[in-house]
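**Student:** Dropping the structure in here first, questions after.
Just so you know, all these numbers are worked out from the coordinates, no wet-lab data involved. The model shown is predicted, which means the values in this text are computed figures rather than measured ones. Positions of Cβ are generated from backbone atoms using ideal geometry, with glycine treated the same way; all protein chains shown enter the neighbour counts.
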Amino acid sequence: MNDGAVLDDLSKVADDRVRPAGADDSIDGVPPGYVARPSSTDETAELLRVAAHHGLSVVAKGSGTKQDWANPPSRVDLVLDTTAMAGVVEHAAGDLITIVRAGTTMTDLQSALASADQQLALDAPFPSATVGGTVATNSSGPRRVLYGTLRDLLIGITFVRADGVVAKAGGRVVKNVAGYDFGKLLTGSYGTLGVITEVALRCHPLPTTQRVVSIDVPDGEVAADLALGVLRSQVVPSAVEVHQPAAGPVTVIVLIEGVESGLGARADAVRELLGAGAAIGDLPDSFGHYPFGSGDLGLKITTTLTGVGPILSAAQNLGHRHDVPIAVRGSVAGVLYAAMPADSDPVAAARVLAEMRALAATYDGTVVVLTGPVETRRALDVWGPISGLDLMRRLKDQLDPDHRLSPGRFVGGI
Amino acid sequence: MDVQGLAQQLREAIGDEKVLTDRAQLRTYECDGLAVYKVMPAIVTLPETAGQVQAVVRACVEAKVPFVARGSGTGLSGGALPHADGVLIVTSKLRSILELDADNERAVLEPGVVNLDVTRAAAPYGYYYAPDPSSQQICSIGGNVAENSGGAHCLKYGFTTNHVTGARLVSPDGAAVQLGGKAPDPPGYDLLGAFVGSEGTLGIATEVTVRLMRAPESVRTLLAAFGSTDDAGAAVSAIIGAGVIPAAIEMMDALAIDAAEAAVRCNYPKGAGAVLIVELDGPASEVEAQFEQVEAHCRTAGAFEIRIAADNAERALFWKGRKSAFAAVGRISPAYIVQDGVIPRTALPEVLRRMAELATEHGVRVANVFHAGDGNLHPLVLFDDAVEGEAERAEELSGAILDLCIEHGGSITGEHGVGMDKAKHMPRMYTDDDLDTMQLLRCAFDPHHLSNPGKIFPTPRLCGEVPGRHTGAHPLQEQGLAEVF
C-alpha cells in the first residue's frame, strides 16, 4: 500500500480532519494507520469509498468508552471518529420522536429532550458514550424492565456500507412495517455491518416523580425471589435490580415512576412485597452502572427469570471455589453483569466462565465476556456458542464481502 | 415446473391427504384477506409438524420451485398470495401451544395458534399476550410474526416484534434454525428482529416464543364524542402533550361511525363528527390520576358527550364498533379498499383536510378509522364497482393517500405489510440504495429467491451480483432467463 496516496485520497474528502494515527489512537491495543473525523453522512460515505478503493479495514469510534469490549479487531487501518457528527437534528415532541446524529453523547441527547419534558428511556452506563456507540453495542440498563432496550426504541437508521453506499431503513414514525428492519440488525453489531451516522428514536415523557424501595437480604436466592415477586406483580416497576457484592448482603432495588398522586399506593405495594426491612430511599450511586471498572473482567449473563436466583448463588459459589471475588449486578428481568478484578488469575476466570456458561444455558441464557484485560480476552472464547451463526456469516458476506469493517470483533470471528 | 412429480414427492414426504392439487380444493387458497388479488397455487400443502414444513421447503429448494407460507389468510396486503408455479405451505394445522411458562412470562407456540387463544391460555395465570390486531379471533401467530402485526394497543406496548423473544424457523434453503429463545438479548446479529416483519421472505416460523405480559390491575376506557375530527385530534394532542401514554387512543370519523352503527349497533353518541376511544391501563392509583386528566382534556377540546365504561361488557361494546369497522363499511358501500398509512401524529389535521379534498376530487367517499396516538391511518375508500370508472378512481385515490403520508414523513404501511399490494410504492419511500441494501439481507437468507418471491420489493436483485443501481429490466429478465419475481 502506498501510504502517501492513501493519506492524499482521504484528505481530499476531509482535509483538516484526516491525519496519520498516533500512539494514542490504538483500538484495543491495535494501532491504526489513519484517523478521520467526518462531519456528515456524505463525508463518511466518501471516506468509506476511499477505504474500499485501498482495501483499508475500518473501525468506527465514538467517545471510545467501549473500545475495549468484545474482541480486539484483527486489524485497523482507518479509524472513523464520529464525534464531529453531533447534535440533535430534530425533536418532534408532539410525535414523541427524535432524530439524532451518531456522534452525539447520550448526556447531550437527554438534556436536549429534557427541555421538552421527554427522554430516551434508556440508561446509559457510560454517560459520555455516543448514541452511535450505544446502538452498536446495544447497551442498556435497569429501566429495560419497563421500556425495553434499543430494539424497542430505535425506529429509523442511516448507515454507510463498507462500499460507501448510504442506506436508510425504518423512518421517523413509530409505527412502520415497510421494508426490512435494518435498525435491529445494526443494533449490537459492533461496527461489523456498517457505520451508523444517524438514528431516529422513540421518546417517552419524563415521569413526574419517582420512588425507590430497597431491601438488604442475606443471599442471592432470597433476593431473586423478592425481586421476582415485584416484577410479577401489577405495580409496573420501571426497574428491579439485584446488587450482589463479592461478599456481604444482597440488595434489591425497585424503581417506580409515575404521577405523584399515584406513587404512594404503588410504593406501599412494593414495600409489602419486599417485606419487613424494605425502605423508601434514594437510588444508590451504583444504580445503572456496571459492577466492573476499567480493566476489570466484565461478563454479561442472560437467563430466564427462574435462572436469576441460581445464577446469583452460583456466582458466590464459583467465587469461593476459584478464589476470585465476583460481584453481580443487574436486572431481575434476566440480564446480569458480573465483575472479576483485573488481576484475576486467567485460568480461574476461564473456569468461572465455562461453568457459568453451562449453568446459564440450562436457563436458555448465554454468557458474553464484555470487557477485560486484552490478554485475558484473547485467551477466552469471548462470545461463546452462537445460534444462527451460519446466517450471520452470510449476512456479513453480503454487506461487507471483504470483511473490512471491525474485522474479528464479533461472533464467530466476524 | 413438473407439478405432478413434485406433488408425488411431497405426498411421499408428508402424506397424501396433506397435499392438494385438485383445482376445486386449491380455490380456497387463491387469495388472503386482500381478495382483489387472486392466484391459484400449483400445489397446496398442509403440514402438521415442523419436520413436515422443513420437508416441503427442502423439496421446493431441490426442485427450485417457489413457496409461500400462509397462516389463517387474514393478511390485508396480499402477503400470502400464492405463486402460480409454486407451493403454498399452510401452517394452520400446527396449532399447539407447546408451553405456557408463566413463571418465566413466556409462551412457546406453533405458528398456527390463533392470536387470541394465547391470551385465553395465559389468563388463568394473570397474564396476556399484548399485540391485538382487529382480526385476533382468527389470525395466527405465524402470520403475526411474518407481518409484524400491530393492533390498537401498540401505542403503549409495541408490535409483534417487541413481544417475540425467539423463533425456530425453516430458512429458505431448508435448514432449521433457532433464533433467540426465552432469555433476553441473545448475542450475535438480531436476525430475529429482521425475521419478524419480513413477510415470509426470510423463511417460515415453525415455533415462536412470545413474551406474556402481566394483566394490568386496572383498565379504564372512555368514549368521547366530538363535533369534528379536528376537535378530537386536539384532544389527542393535549393528552400526549401532558405526558400520558394511553394503552390505546382510537378515532373514527362520522362515516365510519355510520357504518359501525349499521353493522353492530354500537350505539355511539348521535351526531358525532368523530369519536375517540381512550383506554388507560396499569396500577389502579396511576390510572385513576391519569384518567381524570384525559377526561378533562377531552372536555376542553370540545367533547359534547363522554361515556365511561362501567364494566367489561360496556368496554367491549365501545370496542365492538371500532374493531368491526373494516367489515362494517360493507354495509354502506358495495366495495371498499382498506388503506394503511402512517403520518407523524401532529400532521393529522392537515392530512385529514387534504384527504377530504382528494376524495372530493376523485368523486369517492373515504371513511376514516385510525390509531390516533401513533398516526396510523386506516382510510376506507368506498366505491361502487358497478359504476364505470369508480374502482379505478378509488384505486387512484388510495395511492394518492399513500403519497400524502410519504410527503409528511410517514410510512406506506403501519401494520398491514407491503406484501404484493404495496411493493410498487416502496421506491417512493426508499431510495434504490436503501432497497438494494435490504435485498442483501434477502440474498443472505434466500440466495435462490424461492421464499415468497414478488413480495415487498418492486424489482428483483439476483444474489451474488455486484451491488449497484438497477435501471430498467434486469438483463436476465430481458433474455427470458429469469422471471419477474
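**Student:** Under a straight-distance cross-link criterion of Cα-Cα below 27 Å, which lysines are reachable from B:Lys270, leaving out those fewer than 8 residues away in the same chain?
**Tutor:** Excluding near neighbours in sequence, the set is B:Lys320, B:Lys323.
**Student:** Turning to a different aspect of this structure: With the contact rule set at Cα under 8 Å and sequence spacing of 6 or more, what percent relative contact order holds for chain B?
**Tutor:** The value is 14 percent.
**Student:** Shape of chain A from its Cα gyration tensor (a ≥ b ≥ c, root eigenvalues): rounded if a/c is under 1.5, otherwise prolate when a/b > b/c, or oblate?
**Tutor:** Judged from the Cα gyration tensor, chain A comes out oblate (a/c at least 1.5, b/c at or above a/b).
**Student:** Take peptides B:200-212, A:216-228 and line them up by average Cβ neighbours within 10 Å, highest first, as a rough protection proxy.
**Tutor:** With the highest mean Cβ count within 10 Å placed first, the list reads B:200-212, A:216-228.
**Student:** Dipole magnitude of chain B about its Cα centre, charges +1 at Lys/Arg Cβ and -1 at Asp/Glu Cβ only, in debye to the nearest 20?
**Tutor:** 620 debye
**Student:** Among B:Ala325, B:Ile277, B:Val287, whose Cα lies farthest out toward the positive end of the dipole of the stretch B:271-338, if unit charges sit on the beta carbon of Lys, Arg (+1) and Asp, Glu (-1)?
**Tutor:** The Cα lying farthest towards the positive end belongs to B:Ala325.
**Student:** To one decimal place, what orientation-averaged projected area in nm² is obtained for the convex hull of the Cα set of the stretch B:1-87?
**Tutor:** 5.2 nm²
**Student:** Let me ask another. Using only DSSP helix segments of four residues or longer, with each worth -39500 (n - 2.57), what per-residue ellipticity at 222 nm results for the protein assembly as shown after dividing by its residue count and rounding to 500?
**Tutor:** -9500 deg cm²/dmol
**Student:** Here's another thing I want to ask about it. What average number of partner chain Cβ atoms lie no more than 10 Å from the Cβ of the residues making up A:359-369?
**Tutor:** For this peptide, the per-residue mean of nearby foreign Cβ atoms is 3.
**Student:** Here's something else I'd like to know. Rounded, prolate or oblate, given the Cα gyration tensor of the protein assembly as shown, with a/c below 1.5 counting as rounded?
**Tutor:** Here the protein assembly as shown falls in the rounded category.
**Student:** Enter the Cα centre distance for the pair the stretch B:327-360 and the stretch A:311-351, rounded to the nearest angstrom.
**Tutor:** After rounding, the separation between the Cα centres reads 57 Å.
**Student:** Using the Cα centre of the stretch A:1-206 as the reference point, and only Cβ charges (+1 on K/R, -1 on D/E), how large is the resulting charge dipole? Debye, rounded to the nearest 20.
**Tutor:** For the stretch A:1-206, the charge dipole is close to 700 debye.
**Student:** Among the listed pairs A:Lys12/A:Lys168; A:Lys396/B:Lys455; A:Lys184/B:Lys424; B:Lys424/B:Lys455; A:Lys184/B:Lys422; A:Lys66/A:Lys300, give every one whose C-alpha distance is greater than 18 Å.
**Tutor:** A:Lys12/A:Lys168; A:Lys396/B:Lys455; A:Lys184/B:Lys424; A:Lys184/B:Lys422
**Student:** Something else about it: Of A:Ser39, A:Ser63, B:Ser149, how do they rank once you tally other Cβ atoms within 10 Å and put the fewest first?
**Tutor:** So the ranking, lowest neighbour count to highest, is A:Ser39, A:Ser63, B:Ser149.
**Student:** Calculate the dipole size of the protein assembly as shown relative to its Cα centre from +1 charges on Lys and Arg beta carbons and -1 charges on Asp and Glu beta carbons; express the result in debye to the nearest 20.
**Tutor:** 840 debye
**Student:** Please compute the contact order of the stretch A:1-206 in relative form: average sequence separation of alpha-carbon pairs under 8 Å and at least six residues apart, divided by the residue count, as a percent.
**Tutor:** 21 percent
**Student:** Hey, another quick one. Work from the charge dipole of the protein assembly as shown (Cβ charges, +1 for Lys and Arg, -1 for Asp and Glu, about the Cα centre) and give the residue of A:Ala136, B:Leu222, A:Gly164 farthest towards its positive end.
**Tutor:** B:Leu222
**Student:** Determine ³J(HN,Hα), in whole Hz, for all residues of the stretch A:368-385 in sequence, where each value follows from phi through the Karplus function 6.51 cos²θ - 1.76 cosθ + 1.60 and θ = phi - 60°; x replaces Gly and Pro.
**Tutor:** 10, 7, 6, 8, x, x, 4, 5, 5, 4, 4, 7, 9, 7, 4, 8, x, x
**Student:** Order B:50-59, B:375-384 from most to least packed using the mean count of other Cβ atoms within 10 Å.
**Tutor:** Going by the mean number of other Cβ atoms within 10 Å, highest first, we get B:375-384, B:50-59.
**Student:** I'd like the mean, over residues of A:157-164, of how many other protein chain beta carbons sit within 10 Å of each residue's own Cβ.
**Tutor:** Going residue by residue through A:157-164 and averaging, the value is 1.
**Student:** As I understand it, the dipole of the stretch A:140-239 uses +1 on the Cβ of Lys and Arg and -1 on the Cβ of Asp and Glu, about the Cα centre. Which of A:Gly179, A:Pro207, A:Pro218 lies farthest toward its positive end?
**Tutor:** Positive-end residue among those listed: A:Gly179.
**Student:** Right, something else. For the stretch A:64-115 and the stretch A:248-283, write down the distance between their C-alpha centroids in whole Å.
**Tutor:** 33 Å
**Student:** Which whole-number percent gives the relative contact order of chain A, counting Cα pairs below 8 Å spaced six or more residues apart?
**Tutor:** 16 percent
**Student:** Here is a follow-up. Per-residue mean of other chain beta-carbon atoms within 10 angstrom of the beta-carbon, peptide A:92-98?
**Tutor:** The per-residue average across the peptide is 5.
**Student:** Across 10 Å bins from 0, what is the distribution of all Cα-Cα pair distances for the stretch B:334-421, in whole percents?
**Tutor:** 18, 54, 25, 3
**Student:** How long are the semi-axes of the ellipsoid equivalent to the stretch A:1-143, from square roots of 5 times the Cα gyration tensor eigenvalues, in whole Å, largest first?
**Tutor:** 31, 18, 11
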